[in-house]
Amino acid sequence: MTQLQVNGQAKDVNVPENMPLLWVLRDELGMTGTKFGCDIALCGACTVHMDGQPIRACVTPISAVAGHAISTIEGIENDPIGQAVQQAWVENNVAQCGYCQAGQIMSAVGLLKTTPAPNEEQIDNAMSGNICRCGTYPRIRAAIKQAASHLAKGEKQ
């Protein structure tokens, strides 16, 4: 039995130690917002946070996350930065098919936690591990800039 802290709640799971976090979240905990994409940590669809830092859930074994705080797209609305990013995503019409968006949002939140006023190069570097097949990169950049601006002004979402 492994105890996890997911979105501020203790969760007990009885799974093999090498089971990827992605499948624990989706199959054991019913949290399907984190998506399966490539299974080799290249596309970013499975991005979640461990102790506030973006990680790829598809290649992270459950044994590596026990005792750490895990945040998923389902819990990001409780984070002021998460709220700002989600609102900017809506206002900039970022999502098309939407498949990659949970991972994109988690990476954007991770960026803004460490770099509150990122420039384009910092945005591009932080988001380079997230692939959007629809090509919404300009809107993603605009949404991150907008969220950063609202956060800097202390605006509520």
Practice task
Scan segment 125-147 residue by residue and report those that are aliphatic (A, V, I, L, M) and assigned to a loop (DSSP other than H, G, I, E, B).
Solution key: Ile131
Practice task
With the checklist (1) assigned to a helix (DSSP H, G or I); (2) closer than 30 Å to Asp12 by Cα; (3) touching a helix residue (DSSP H, G or I) at 6+ places or on another chain (Cβ under 9 Å) in hand, flag the one item Gly103 doesn't pass.
Solution key: (3)
Exercise for the section: May I ask you to list the residues in segment 76-101 that are surrounded by fewer than 19 Cβ atoms within 10 Å (Cβ to Cβ) and in contact with a Leu (Cβ under 8 Å, 6 or more places away or on another chain)? Expected result: Pro80
Exercise for the section: Of all residues in segment 56-83, count the ones that are in a strand (DSSP E or B) and free of Cβ contacts under 8 Å to residues at least 12 places away in the same chain. Expected result: 0
Practice task
For Ile140, indicate whether it is of a type outside the set (Lys, Arg), more than 30 Å from Glu28 (Cβ to Cβ), surrounded by 18 or more Cβ atoms within 10 Å (Cβ to Cβ) and touching a Cys at 6+ places or on another chain (Cβ under 8 Å).
Solution key: yes
Completion exercise
Ile70 vs (1) surrounded by fewer than 22 Cβ atoms within 10 Å (Cβ to Cβ); (2) within 12 Å of Met106 (Cβ to Cβ): all pass except (1)
Exercise for the section: Quick one: Leu25 ticks every box in (1) out of contact with any helix residue (DSSP H, G or I) (no Cβ under 7 Å at 6 or more places or on another chain); (2) in a loop (DSSP other than H, G, I, E, B); (3) modelled with pLDDT of 95 or more except a single one, so which number is it? Expected result: (2)
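The values are calculated or read from the model by the stated rules, or taken from the named source; none is laboratory data. Bear in mind the structure is a predicted one, so any value in this text is a computation, not a measurement. Neighbour counts run over all protein chains shown; Cβ positions are idealised from the backbone, glycine included.
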